[in-house]
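Here the structure comes first, spelled out in structure tokens, and everything after it is commentary.
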Amino acid sequence: MGGLTIGHGAGGRLTEELISLILDRFRKTPLADREDCALLPGGLAVTIDGYTVSPLSFQGGDIGKLSVCGSANDLAVRGARPLFLALGVIAEEGFPLEDLLVYMESASLICDSMDIALVTGDSKVVPRGQADELFLTTCAIGKIEREPVLGVDNLKHGDSILVTCPPGMHGAAIAAARYGLKVHGLASDCAPLWPMVEKVLPLKGLRCMRDCTRGGLGTVLCEWAEASGLGIEIEEEKVPRDEPSLSVCELLGFDPLHMAGEGCAAVAVSAEDAEKAVAILRQHPSGEMASIIGKVTEKHPRLVGIHTISGGTRLVDKPVGELLPRIC
């Protein structure tokens, strides 16, 4: 079968293949619906994620903030209020204690902002040279606050596709930090989604949401199309733009649709509720640039197309390899 590659952790097709291989080894996975978090009996939701971002601090955040936002956001996009957090710390021998405490303070501030309680955790120190400074793992538990439950199975022909902010801002910020690029105004969009998306949960036409992390907005839309058996069409001119992020992507040859966001969500909603959803999202600072960017269609099932500004149409696919490793 060969060894793992960096691409197996990229969130694209190789990651999908790896997850399938792992799930095939477990006989009891009735809750594995391939959404961002699992729904448990009693109206609870749970998710877990590991964070290996490099560098540990970047414009707009750090590994502590990222680790809480990442797991809390996986709950938020299923309509679950984040309540409890478990935190695992793996640090390399010699890692400065004062730096660790800075990152823990960042994590704590995000927890405080959403009233999330740290309820358990673990710490390990490995010998020098056997890890890269610091890795964090967070497991978050929340309470579902919407019925029916959000999920890709709800998608219907004619639904509108929204995005809450310009795609790729986190990935661009990490790329700039990695390559020593100084770009005025560039910052990660790393932020908790719950305070914003909570407000759209009462909309009857809300179908599903997904945070656009590894693989970016493009991968989210591909996953929705493949899972639902429907097609998706988006308009390039309607996708909100962040010029500093776009400049980094252009310089390095990256497609912003496949760059990660850590405070960006794709939202599917009925056409009747689309404008209302945009108006609600724009009331929050993280959603000021929320826009309707496309629609769900019965044409070209399982495929995503983008109508470009130049007047053409191209296929949007999941990345096979890794554009930029260790973004989260």
Any idea which of A140, A172 is more than 16 Å from L56 (Cβ to Cβ), crowded, with 16+ Cβ neighbours inside 10 Å and assigned by TED's automatic domain parsing to the domain that holds S54? A140
Hey, K299 among the basic types (K, R), within 17 Å of the chain's Cα centre (by Cα) and in a loop (DSSP other than H, G, I, E, B) or not: no
Please verify whether segment 138-145 includes one or more residues that are in a helix (DSSP H, G or I) and within 22 Å of the chain's Cα centre (by Cα). no
Which ones in segment 152-169 are part of a loop (DSSP other than H, G, I, E, B) and either on the phi < 0 side of the Ramachandran plot or outside the structural domain of P240 (by TED's automatic domain parsing) (or both)? L155, K156, H157, D159, T164, C165, P166, P167
Are any of the residues in segment 201-222 more than 15 Å from the chain's Cα centre (by Cα), in a helix (DSSP H, G or I) and crowded, with 17+ Cβ neighbours inside 10 Å? no
Show the residue pairs that are 6+ apart or on different chains and have beta-carbon atoms under 9 Å apart, the first residue being within segment 194-223 and over 23 Å from L303 (Cα atoms), the second being β-branched (V, I, T) and part of a loop (DSSP other than H, G, I, E, B). M196/T164; V197/V77; V197/T164
Based on this model, can you work out whether G229 counts as at pLDDT below 95 and either within 23 Å of R78 (Cβ to Cβ) or out of contact with any Pro (no Cβ under 8 Å at 6 or more places or on another chain) (or both)? no
Do we find that E223 is within 22 Å of P148 (Cβ to Cβ) and not aliphatic (A, V, I, L, M) in this structure? yes
Under 7 Å between Cβ atoms, which residue pairs at least 6 apart in sequence (or on different chains) link something in segment 299-316 that is under 18 Å from S228 (Cβ atoms) with a partner that is part of a loop (DSSP other than H, G, I, E, B) and of a type outside the set (D, E)? P301/G229; P301/L230; R302/G229; L315/L303
So if I check each of C328, C264, which one is crowded, with 16+ Cβ neighbours inside 10 Å, within 24 Å of N73 (Cβ to Cβ), in the same structural domain as S160 (by TED's automatic domain parsing) and touching a strand residue (DSSP E or B) at 6+ places or on another chain (Cβ under 7 Å)? C264
Within segment 68-127, restricting attention to residues that are assigned to a loop (DSSP other than H, G, I, E, B) and among the aliphatic types (A, V, I, L, M), which residue is farthest from the chain's Cα centre (by Cα)? I116
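Residues checked against (1) loosely packed, with under 13 Cβ neighbours inside 10 Å; (2) modelled with pLDDT of 95 or more:
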residue: D24; (1), (2): yes, no
residue: T29; (1), (2): yes, no
residue: A91; (1), (2): no, yes
residue: L97; (1), (2): yes, yes
residue: M104; (1), (2): no, yes
residue: I110; (1), (2): no, yes
Any chance segment 183-192 includes a residue that's under 22 Å from R146 (Cβ atoms) and either modelled with pLDDT under 95 or in contact with a strand residue (DSSP E or B) (Cβ under 9 Å, 6 or more places away or on another chain) (or both)? yes
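The values are calculated or read from the model by the stated rules, or taken from the named source; none is laboratory data. What you see is a predicted model, and the numbers here were worked out from it, not measured in a lab. Every residue, glycine as well, gets a Cβ built from its backbone with ideal geometry; the counts of neighbours run over all protein chains shown.
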